[in-house]
């Protein structure tokens, strides 16, 4: 949306809200809506989990800003729909405490973290949707790796030990007959940028990287290619689960209090994801504008980010299968505590609408 359109939308919104504020008290008692509009406080991490939300963020921004302006002059501003307050964070550590303390209503977080939070809060976290499938790729500065079997005897640099990258890599290697402790060397780095640096200097030729780091690395290293898509490798196992990166979670209390707002959010969020996937160049421009990822990087990376909005029964099937794989590898990865019999894999109430 260009500046002129945004300005026009703001003016129209101000007129609409001013009218609503003036006549809000004229509503007949029997016409009172079943659920009052609310402001949804939503957080997302800078990266693929926020990229699919950017259209919703941009469309809601003029309305939210208009309301804030009106609230400076009017005590009671009546709106006809829900408002949004978005927060973009660099890491899940910034989001988690705000969600638990009730300062956020929804958040886009890593898939396994959703389960950890469910266990930590004794079931007070609900998963609304899967928003990102796998974004992990095996990249190579060369042509030796054409399949997972080709990794045998190789050294792989990677970041994310003790989290999704490690669990996914070890699982896929094992399922393809490769012992991750004996048949390969995994050189764990503290950050993905260190992996890129190792590739750039020639200290490594094979690395496990997520998008958009893959695209960033390809811009710096001539000839670097995506040798393996771990999402496709996982799908090839045909085990009913899927490699997942991110999900949208919400506080159970908020979901139960505002079911219509949750339903409206999921509808708008799904439309935003569809738009982002169908309009790569325009979406990348917005992504850059909101400083989620550099626009040029986003345009190249978007087709490989597997941005989705999967809800209901399909969400439960894919997510529960993925969490089971993580649980089998390390129960702590999904928040299970061996000293607490009530913790473990999430129960059915974890999956909204399933």
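The values are calculated or read from the model by the stated rules, or taken from the named source; none is laboratory data. Because the structure is a prediction, the values reported are computed rather than measured. Cβ placement follows ideal geometry from the backbone for every residue including glycine, while neighbour counts extend to all protein chains displayed.
Sort out for me the helices (runs of 4 or more DSSP H) sitting completely within region 249-308 that have 1 or more residues that are under 24 Å from residue 82 (Cα atoms).
By residue number, 252-257, 259-278, 280-289.
Just name the residue that is nearest to the chain's Cα centre (by Cα) out of those in region 233-273 that are farther than 17 Å from residue 349 by Cα and free of Cβ contacts under 8 Å to residues at least 24 places away in the same chain.
It comes out as 267.
Show the residue pairs that are 6+ apart or on different chains and have beta-carbon atoms under 6 Å apart, the first residue being within region 169-182 and assigned by TED's automatic domain parsing to the domain that holds residue 325 and on the phi > 0 side of the Ramachandran plot, the second being in a loop (DSSP other than H, G, I, E, B) and crowded, with 20+ Cβ neighbours inside 10 Å.
If the second residue must be in a loop (DSSP other than H, G, I, E, B) and crowded, with 20+ Cβ neighbours inside 10 Å, no pairs are left.
In the same structural domain as residue 231 (by TED's automatic domain parsing) and exposed (fewer than 14 other Cβ atoms within 10 Å of the Cβ): is that true of residue 162 in this structure?
Considered against the rule, which asks whether it is in the same structural domain as residue 231 (by TED's automatic domain parsing) and exposed (fewer than 14 other Cβ atoms within 10 Å of the Cβ), residue 162 comes out as yes.
Would you check which residues across region 220-233 are within 15 Å of residue 304 (Cα to Cα) and in a helix (DSSP H, G or I) and list them?
Listed by number, the residues that qualify are 230, 231, 232, 233.
Just name the residue that is modelled with the lowest pLDDT out of those in region 215-250 that are more than 23 Å from residue 145 (Cα to Cα) and out of contact with any strand residue (DSSP E or B) (no Cβ under 7 Å at 6 or more places or on another chain).
Across region 215-250, the extreme among qualifying residues is 240.
Can you tell me which condition residue 81 does not meet? The list is (1) in a helix (DSSP H, G or I); (2) at pLDDT below 90; (3) closer than 30 Å to residue 298 by Cβ, and all the others hold.
It is condition (1) that residue 81 fails.
Quick check on this structure: which one of 340, 349 is more than 20 Å from the chain's Cα centre (by Cα) and either under 19 Å from residue 110 (Cα atoms) or buried (at least 18 other Cβ atoms within 10 Å of the Cβ) (or both)?
Exactly one residue qualifies, and that residue is 349.
Do we find that residue 186 is within 23 Å of residue 334 (Cβ to Cβ), in contact with a strand residue (DSSP E or B) (Cβ under 6 Å, 6 or more places away or on another chain), assigned by TED's automatic domain parsing to the domain that holds residue 227 and surrounded by 14 or more Cβ atoms within 10 Å (Cβ to Cβ) in this structure?
So residue 186 fits the description; yes.
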